[in-house]
1. Considering (1) at pLDDT below 85; (2) within 19 Å of S252 (Cβ to Cβ), say which one I91 fails and leave the rest.
2. Confirm whether R69 is under 25 Å from A130 (Cα atoms) and basic (K, R).
3. Which members of the stretch 5-20 meet the condition of being closer than 23 Å to L119 by Cβ and surrounded by fewer than 16 Cβ atoms within 10 Å (Cβ to Cβ)?
4. Residues in the stretch 39-57 that are touching a residue at least 60 places away in the same chain (Cβ under 8 Å) and either of a type outside the set (A, V, I, L, M, F, W, C) or not assigned by TED's automatic domain parsing to the domain that holds Y101 (or both): how many?
5. Name the residue that is surrounded by the most Cβ atoms within 10 Å (Cβ to Cβ), counting only residues in the stretch 24-72 that are outside any loop (DSSP other than H, G, I, E, B), under 9 Å from the mean Cα position of the chain (by Cα) and of a type in the set (V, I, T).
6. Being in contact with a strand residue (DSSP E or B) (Cβ under 9 Å, 6 or more places away or on another chain) and either farther than 25 Å from A41 by Cβ or not acidic (D, E) (or both): is that true of V183 here?
7. Kindly list the number of the only condition in (1) surrounded by fewer than 19 Cβ atoms within 10 Å (Cβ to Cβ); (2) hydrophobic (A, V, I, L, M, F, W, C); (3) within 21 Å of I65 (Cα to Cα); (4) at pLDDT below 95 that fails for M1.
Amino acid sequence: MSLEALIAEDEPLLREALRQQLQRLWPELQVVAECEDGAAALEALESHQPDLAFLDIRMPGITGIDVARALQSVSPQTQVVFVTAYDQYAIAAFEQGAVDYLLKPVTDERLLATRQRVLARRQAGMPDPAMLDRLLKQLVQQPGTPQTAPPLAWVTVSNGRETRLVMLDDVLYFRADSKYTSVVTAEEELLLRSSLRELAAVLDPHCFRQVHRSTIVNMKAVVSVSREETGRGVLRLKHRSETLVVSQPFMSLFRGM
């Protein structure tokens, strides 16, 4: 059976290793997209609508769990295989059949077993979306979830000969700007020598959300979110006249707000 797949893994060597392993053990599976973060995965899912998505659970910013949550809106027919280095992640729940999982380093034996389970699920019909939702809630609540460093409290930016300290509470949004990132506050716009992807790994995910491939917004600064007929969204901000675009795949991340 010929299927299409997406791989989302932030470590290039692991991403390439999984692609080669799939090519060797599952040659009829075509990898149509390889993504280094959750933001790229959302856009690729909308574009390709693959049969299968291999999602690293822990990616900077938008995690594999976030991407899986968005599937019902972005690519509802896509099955999920989570890839994780942490066996604390609700292995018993995975065994119920809602989704599959691969532990790093991925063994040939486990990948072949996953192949059989995926094909069996396709023949039996797609799993109940409510079952996937329950599993994702269990993953978020897992007590064994690895601890991350405390979120960033400020960023330092260069302004001529001066180095400025900008508190994150004052930042309205970050926008990718060539090799730099624009830091936008109510009064000014400064340049930061860090990529948006680097920022996503250290910002507090409860306050800062990626709304576009090139934009991360402080949700405390948002006045309203509206949806256009095209499916994309528009954010209105406090203290700034410009609006921010929420690309269509990212609108699903605002469910339940």
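1. (2)
2. Here the answer is yes, as R69 does meet what is asked.
3. A17, Q20
4. 3
5. For the stretch 24-72, the residue satisfying everything is V67.
6. yes
7. Looking at each condition in turn, M1 falls short on (3).
The values are calculated or read from the model by the stated rules, or taken from the named source; none is laboratory data. Just so you know, these numbers come straight off a predicted model, no measurement behind them. Cβ atoms come from the backbone with ideal geometry, glycine included; neighbour counts cover every protein chain shown.
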